[in-house]
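One structure below.
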Amino acid sequence: MSVFGALNRFISRLDADTPTETQKSSTRGAYGFQVLRNKNADIQIEPWFDFVIGINGRTIDSPDPNLFSTEVRNCAGNTISLGVWSAKGQRIRELYIPVPTDPPNLGLSLQWTPLAATEDVWHILEVTANSPADVAGLLPYGDYVIGSPEGLVRGESGLPELVEDYLERPLRLLVYNHEYNITRPVTITPSRNWGGQGALGCILGFGALHRIPAALDEPPQAPGETLFDTGIDEKQALAAPEPVATIASPPQGGDFLVPANLAFQRATGSPGPPVGAGSKAKKHRAHHNISPSKGFDDYFAEGEMKSKEQDHAPTSKSGAVPPPPKAGGPPKATPPVPTAEPAAEGDVD
């Protein structure tokens, strides 16, 4: 069991190390021209987030800006292709930009910078109420601190050290919001006397799990905003009267279904039963249609009448026993009438 356990641990270590080394090789040691300023509104490039890492299908491996400028001037009047790496989601895209002839430049301010510089971001995970972070307007989960105009912020301890230097003083931070895809300046005053823990009153996340994700296609809806429009006025829909349900008349002719409580006449075109067929045909049990409007009283009354007929119960029409007399009691018995005895033979009066 120990041999198999050691083998499993070795394989799991290989599986865990391979993605990490691949991820490190994609950013560690890689450089590019970071965009510091974009004066050309027609070029879809974002300062700070975007790095130019290729030009005309070739990877840029030299920090010499003259080589890059020469390549741009050589494409004056034509279209140049730029390979751009974005810190939002760590993705690479290719842009095709026309180069003007006079002057032959792109209107970009670039700086040779390692791609790993964009990993120094702090994710706002939780904000305590009435804390300095809450007063400054920091939002949990959506906000990322990407830098500060007060100085460079490098490494995991860069932001905490800057905060300690600005206790009880206003500190300017550059904050990116992932949900709305905007970067805004935030002024916060760190303090130890606000009534809670920490100088900012928020929980920060740093590392590989807290990189800036790719931007959303559409910003989320703010509270109270309409998510989608159906084109129906709710007030008119509530004020409109409800439609009255009507029973459609049965179609004339053809095969159709008829409800049990709906009486109809046979169509004139359908043939009736043959004469005399009723006597030869087998007698079927009659089915009575019970109207729902009469309720259950008629139904039970019909059942009670059938029960009396089966039990042969007397009724007022079938010669019932007369009622007893009202007074005088029962009739008296009449005395017997005397009869004459026959005369014996041979006697003469």
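Measuring with a 1.4 angstrom probe and ignoring ligands and nucleic acids, Leu138 comes out at about 10 Å² accessible. Using the Cβ-Cβ distance between Glu164 and Ala129 with R0 set to 35 Å, the FRET efficiency works out to roughly 0.90. On the principal axes of its alpha-carbon atoms, region 81-167 has extents of 56, 25, 23 Å, going from largest to smallest. Counting heavy atoms of the protein chains alone, Asp102 has an accessible area of about 140 Å² for a 1.4 Å probe. Scalar couplings 3J(HN,Hα) for region 28-44, obtained by applying the Karplus form with A = 6.51, B = -1.76, C = 1.60 to θ = phi - 60°, are 5, x, 8, 10, x, 8, 6, 7, 9, 8, 10, 8, 9, 6, 7, 9, 7 Hz; x denotes Gly and Pro.
Label-to-label distance, Glu156 versus Asn74, with points set 7 angstrom from Cα along the beta-carbon direction: 4.5 nm. So if we plug the beta-carbon distance of Leu67 and Arg93 into 1/(1 + (r/R0)^6) with R0 = 22 Å, what FRET efficiency do we get, rounded to 0.05? Plugging the Cβ-Cβ distance into 1/(1 + (r/R0)^6) gives 0.50.
The values are calculated or read from the model by the stated rules, or taken from the named source; none is laboratory data. Since we're looking at a predicted model, the values are computed, not measured. Ideal geometry is used to build each Cβ from the backbone, glycine not excepted, and the neighbour counts take in all protein chains shown. Keep in mind that these areas ignore ligands, DNA and RNA; they rest on the heavy atoms of the full protein, side chains included. Shrake-Rupley method; radii C 1.70, N 1.55, O 1.52, S 1.80 Å.
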